[in-house]
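The structure under discussion appears below in the form of structure tokens.
The values are calculated or read from the model by the stated rules, or taken from the named source; none is laboratory data. If you're wondering where the values come from, they're calculated on a predicted model, not measured in any experiment. Note: ideal-geometry Cβ built from the backbone for every residue, glycine included; neighbour counts use all protein chains shown. Only protein heavy atoms, including side chains, enter the accessible area calculation; ligands, DNA and RNA are left aside. Shrake-Rupley method; radii C 1.70, N 1.55, O 1.52, S 1.80 Å.
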Amino acid sequence: MAIVIDKFIFGTFFASLFGFFVLCFLRRKHQNLENKQKFKEKAAFKTQNYNVQRPENSSGPDVIIVGAGVAGAALACTLGKDGRQVHVIERDLTEPDRIVGELLQPGGYLKLMELGLEDCVEEIDAQRVLGYALFKDGKVTRLSYPLENFHSDVAGRSFHNGRFIQRMREKAAKIPNVKLQQGTVTSLLEENGTINGVQYKTKDGQELRVHAPLTVVCDGCFSNLRRSLCNPKVDVPSYFVGLVLENCELPFANHGHVILADPSPILCYPISSTEVRCLVDVPGQKVPSIANGEMSKYLKDVVAPQIPPVLHDAFISAIDKGSIRTMPNRSMPADPHPTPGALLMGDAFNMRHPLTGGGMTVALSDIVVLRDLLNPLRDLNDAASLTKYLESFYTLRKPVASTINTLAGALYKVFCASPDEARKEMREACFDYLSLGGVFSSGPVALLSGLNPSPLSLFLHFFAVAIYGVGRLLLPFPSPKAMFIGVRLISSASGIIFPIIKAEGVRQMFFPATVPAIYRHPPVNDKADDLLKSS
């Protein structure tokens, strides 16, 4: 028996030692993050305007943008301010009414400021978001964004998605060289393997064509154009059921609320000064029918008992009011095949589970990368060279996009209830790890918020949670059952994160310097297009 105990102690010692080194590393990363935040604060309010000079003999738009949602409208504003002739074609220019795309993380707000679009969250009754409150089995922990080293205006923002989009559309429409038109793009125009424009149907039914050296497809999660530009592998792990709660106050003002319910999480956050959005995650490919009353019964019988008491009455009232909406939660890794003359952006290009509210942050970060790549280029008409040049975009976007994508997918799986003992322990360990405070909460929240989009930090924190869970099982005295569950916990954690990392691309995510790219940083000289052509 003594020998068996010695083996257990030996294994526990090395697990604890590894955990100690991981946590020491994370503490040092946290100190480095604080230094980086000081630098970001200085840069956050700088808006660049390069005023690109167009070639004298050019005619027609420089860029066609398909779709004027968050990505399309923000890109139109950005390129228009830089002097590009931009033609935006949007299927419906009336105010959208969606139940997602309502929470902009602080990292996304910084990108909005970098693009000079921060005024788009003004005059729409947007609410400041300062962190999250996490609820589980009667326990509560509050997780604040690490904003200490930023300007006081930097925080998350939550709002009605449609109001935000309309503000950006209005801003784009006021730029003289941006044409915003309502129409439905039916196909991309291709000649000798190069996309040189689009065919579209106007509001009054006219079939028209427009040509440009670059077409950016931003037509959202339901894109019917993406198949010719990427390899779409869309997964729908669950649905969000959306309600608007009125006449209630959240337990923690200016915070998002995540309830670790059974079978999956529930989100609540303010979208105006009088409204709270509640999103109930329903796993699987189908949801209970709204029409025959199954959904109301499900929400009242299964979900309502798990809602915090202060929100319970408002939740029931929202169900009785009948304004229940559903939305499939899509996940799609970015898997482009570079096509001369065309580029994908936004949800048409890359999606992740909306649990962490990272979609707009990824889209705005991608726009900053693309703007910086295009800024030095006067002439976009050399399609072959432009395509080779813009392949750098796929490498430069990876640190932010892959971190947010991986975190969203991994957190969703960890936060879902499971009958499996190892998954239960992982869920409990995650809640308790975040409740420790200090670097154990600020590190993951910095990842979640987009303030520190570091794939390595994400990887280390994720497995630190797993090791913490194993330590809880083995200490003070291990048992054979605890050892077995501990091994399965590590195996389960690996089974969650490694497939997501594989889909994102291990090399692109962790070793981007080894991926061929013309530019590691956007060129700064005015002769960039001469360099491009010589490449």
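Looking at TYR389, is it of a type in the set (Phe, Trp, Tyr) and surrounded by 23 or more Cβ atoms within 10 Å (Cβ to Cβ)? Break it down stepwise before answering.
Working: of a type in the set (Phe, Trp, Tyr): yes; surrounded by 23 or more Cβ atoms within 10 Å (Cβ to Cβ): yes.
Against the criterion (of a type in the set (Phe, Trp, Tyr) and surrounded by 23 or more Cβ atoms within 10 Å (Cβ to Cβ)), TYR389 qualifies.
Given the criteria assigned to a helix (DSSP H, G or I), in the same structural domain as MET360 (by the TED database) and not basic (Lys, Arg), does ILE165 qualify? Give the steps one after another, and end with the answer.
Values: assigned to a helix (DSSP H, G or I): yes; in the same structural domain as MET360 (by the TED database): yes; not basic (Lys, Arg): yes.
Against the criterion (assigned to a helix (DSSP H, G or I), in the same structural domain as MET360 (by the TED database) and not basic (Lys, Arg)), ILE165 qualifies.
I'd like to know if the stretch 507-522 contains one or more residues that are at pLDDT 95 or above and touching a Phe, Trp or Tyr at 6+ places or on another chain (Cβ under 7 Å).
No, that holds for no residue.
Would you be able to say whether some residue in the stretch 440-451 is on the phi > 0 side of the Ramachandran plot and at pLDDT 95 or above? Give the steps one after another, and end with the answer.
Taking the stretch 440-451 as the starting set, the residues that turn out to be on the phi > 0 side of the Ramachandran plot are 450.
Next, from what is left, pick out any that are at pLDDT 95 or above: 450.
There is at least one residue in the stretch 440-451 that is on the phi > 0 side of the Ramachandran plot and at pLDDT 95 or above.
Restricting to the stretch 281-305, give me the number of residues that are aliphatic (A, V, I, L, M) and either closer than 19 Å to GLY409 by Cβ or assigned to a helix (DSSP H, G or I) (or both). Write out each step before concluding.
The first filter runs over the stretch 281-305 and keeps only residues aliphatic (A, V, I, L, M), leaving 282, 287, 290-291, 295, 299, 302-304.
Checking which are either closer than 19 Å to GLY409 by Cβ or assigned to a helix (DSSP H, G or I) (or both) leaves us with 282, 295, 299, 302-304.
Final tally of qualifying residues: 6.
Do we have ASP320 as acidic (Asp, Glu), in contact with a helix residue (DSSP H, G or I) (Cβ under 9 Å, 6 or more places away or on another chain), under 21 Å from SER158 (Cβ atoms) and open to solvent by 10 Å² or more (accessible area, probe 1.4 Å) here?
On the way: acidic (Asp, Glu): yes; in contact with a helix residue (DSSP H, G or I) (Cβ under 9 Å, 6 or more places away or on another chain): yes; under 21 Å from SER158 (Cβ atoms): no; open to solvent by 10 Å² or more (accessible area, probe 1.4 Å): yes.
So ASP320 fails the test.
If you check every pair at least six apart or on different chains, which have Cβ atoms under 9 Å apart with a residue in the stretch 159-183 that is closer than 16 Å to THR78 by Cα first and a residue that is in a strand (DSSP E or B) and open to solvent by 60 Å² or more (accessible area, probe 1.4 Å) second?
Hits for this filter: ALA173/LYS179.
Looking at the stretch 426-448, which of its residues are farther than 19 Å from ILE497 by Cα and either hydroxyl-bearing (Ser, Thr, Tyr) or surrounded by 23 or more Cβ atoms within 10 Å (Cβ to Cβ) (or both)?
SER435, SER441, SER442
Go through (1) farther than 27 Å from GLU191 by Cα; (2) open to solvent by 10 Å² or more (accessible area, probe 1.4 Å); (3) not in a helix (DSSP H, G or I) one by one and return the number of the condition ARG423 breaks.
(3)
Working carefully through the options ASN177, ASN192, ASN196, find the one that is of a type outside the set (Val, Ile, Thr) and on the phi > 0 side of the Ramachandran plot. Before you say what the answer is, go through the steps one by one.
Numbers: ASN177 fails: on the phi > 0 side of the Ramachandran plot; ASN196 fails: on the phi > 0 side of the Ramachandran plot.
Criteria check complete, one pass: ASN192.
With the checklist (1) within 23 Å of ILE500 (Cβ to Cβ); (2) open to solvent by less than 30 Å² (accessible area, probe 1.4 Å) in hand, flag the one item LEU214 doesn't pass.
Result: LEU214 fails condition (1) only.
Would you mention how many residues in the stretch 337-385 are part of a helix (DSSP H, G or I) and in contact with a Pro (Cβ under 7 Å, 6 or more places away or on another chain)? Spell out how you get there, then give the answer.
Filtering the stretch 337-385 down to residues part of a helix (DSSP H, G or I) leaves 346-348, 354-356, 359-374, 383-385.
Keeping just the survivors that are in contact with a Pro (Cβ under 7 Å, 6 or more places away or on another chain) gives 355, 372-373, 383-384.
Residues in the stretch 337-385 being part of a helix (DSSP H, G or I) and in contact with a Pro (Cβ under 7 Å, 6 or more places away or on another chain): 5 in total.
If you go through the stretch 293-314 one residue at a time, do you hit one that is of a type outside the set (Asp, Glu) and touching a Lys or Arg at 6+ places or on another chain (Cβ under 8 Å)? Don't jump to the end; show me each part of the working.
Taking the stretch 293-314 as the starting set, the residues that turn out to be of a type outside the set (Asp, Glu) are 293, 295-300, 302-312, 314.
This time we only want the ones that are touching a Lys or Arg at 6+ places or on another chain (Cβ under 8 Å), so: none.
No, the stretch 293-314 contains no residue that is of a type outside the set (Asp, Glu) and touching a Lys or Arg at 6+ places or on another chain (Cβ under 8 Å).
So which residues in the stretch 326-336 are touching a Phe, Trp or Tyr at 6+ places or on another chain (Cβ under 7 Å), in a strand (DSSP E or B) and either modelled with pLDDT under 95 or open to solvent by less than 10 Å² (accessible area, probe 1.4 Å) (or both), if there are any at all?
ASN329, PRO336 - these are the residues of the stretch 326-336 that are touching a Phe, Trp or Tyr at 6+ places or on another chain (Cβ under 7 Å), in a strand (DSSP E or B) and either modelled with pLDDT under 95 or open to solvent by less than 10 Å² (accessible area, probe 1.4 Å) (or both).
Could you list, in sequence order, all residues of the stretch 346-370 that are open to solvent by less than 10 Å² (accessible area, probe 1.4 Å) and more than 20 Å from GLU102 (Cβ to Cβ)?
Matches in the stretch 346-370: PHE349, VAL368, LEU370.
Do any residues in the stretch 282-308 that are more than 20 Å from LEU267 (Cβ to Cβ) have Cβ atoms under 8 Å from those of residues that are assigned to a loop (DSSP other than H, G, I, E, B) and modelled with pLDDT of 95 or more, where the two are at least six apart or on different chains, and which pairs are they?
Close Cβ pairs (under 8 Å, with a partner that is assigned to a loop (DSSP other than H, G, I, E, B) and modelled with pLDDT of 95 or more) amount to GLU294/PRO288; LYS297/PRO288.
Could you tell me which numbered condition HIS151 fails, if it satisfies all but one of (1) of a type outside the set (Val, Ile, Thr); (2) more than 30 Å from ALA417 (Cβ to Cβ); (3) outside any helix (DSSP H, G or I); (4) at pLDDT 95 or above?
That leaves (4) as the condition not met.
Restricting to the stretch 472-521, name every residue that is of a type outside the set (A, V, I, L, M) and in a loop (DSSP other than H, G, I, E, B).
We begin by selecting, within the stretch 472-521, every residue of a type outside the set (A, V, I, L, M); these are 472, 476-481, 484, 486, 488, 491-492, 494-495, 498-499, 502, 504-505, 507-508, 510-512, 514, 516, 519-521.
PRO476, PHE477, PRO478, SER479, GLY505, PHE511, PRO516, TYR519, ARG520, HIS521, listed by residue number.
Please verify whether LEU143 is in contact with a Phe, Trp or Tyr (Cβ under 7 Å, 6 or more places away or on another chain), outside the structural domain of PRO308 (by the TED database) and open to solvent by 50 Å² or more (accessible area, probe 1.4 Å), treating the condition exactly as stated.
No, not satisfied.
Do you know which of the residues in the stretch 92-132 that are among the polar types (S, T, N, Q) and within 17 Å of LEU267 (Cβ to Cβ) is farthest from the chain's Cα centre (by Cα)? Please lay out each step first, then the result.
Of all residues in the stretch 92-132, those among the polar types (S, T, N, Q) come to 94, 105, 127.
Still in the running and within 17 Å of LEU267 (Cβ to Cβ): 105, 127.
On the way: GLN105: 9, GLN127: 19 Å.
Here the answer is GLN127.
Here is a list of conditions, (1) assigned to a strand (DSSP E or B); (2) closer than 30 Å to ILE319 by Cα; (3) open to solvent by less than 40 Å² (accessible area, probe 1.4 Å), and VAL198 meets all of them except one; can you say which number that is?
(2)
What residue, of PRO283, PRO270, PRO308, is touching a strand residue (DSSP E or B) at 6+ places or on another chain (Cβ under 9 Å) and closer than 21 Å to ALA126 by Cα?
On the way: PRO283 fails: closer than 21 Å to ALA126 by Cα; PRO308 fails: closer than 21 Å to ALA126 by Cα.
Exactly one of PRO283, PRO270, PRO308 is touching a strand residue (DSSP E or B) at 6+ places or on another chain (Cβ under 9 Å) and closer than 21 Å to ALA126 by Cα, namely PRO270.
Within the stretch 100-120, how many residues turn out to be over 28 Å from SER238 (Cα atoms) and open to solvent by 10 Å² or more (accessible area, probe 1.4 Å)? Quick ask: steps written out before the conclusion?
So the first thing to find is which residues in the stretch 100-120 are over 28 Å from SER238 (Cα atoms), and the list is 110-120.
Going one step further and asking which of them are open to solvent by 10 Å² or more (accessible area, probe 1.4 Å), we end up with 110-111, 114, 116, 118-119.
Total satisfying the criteria: 6.
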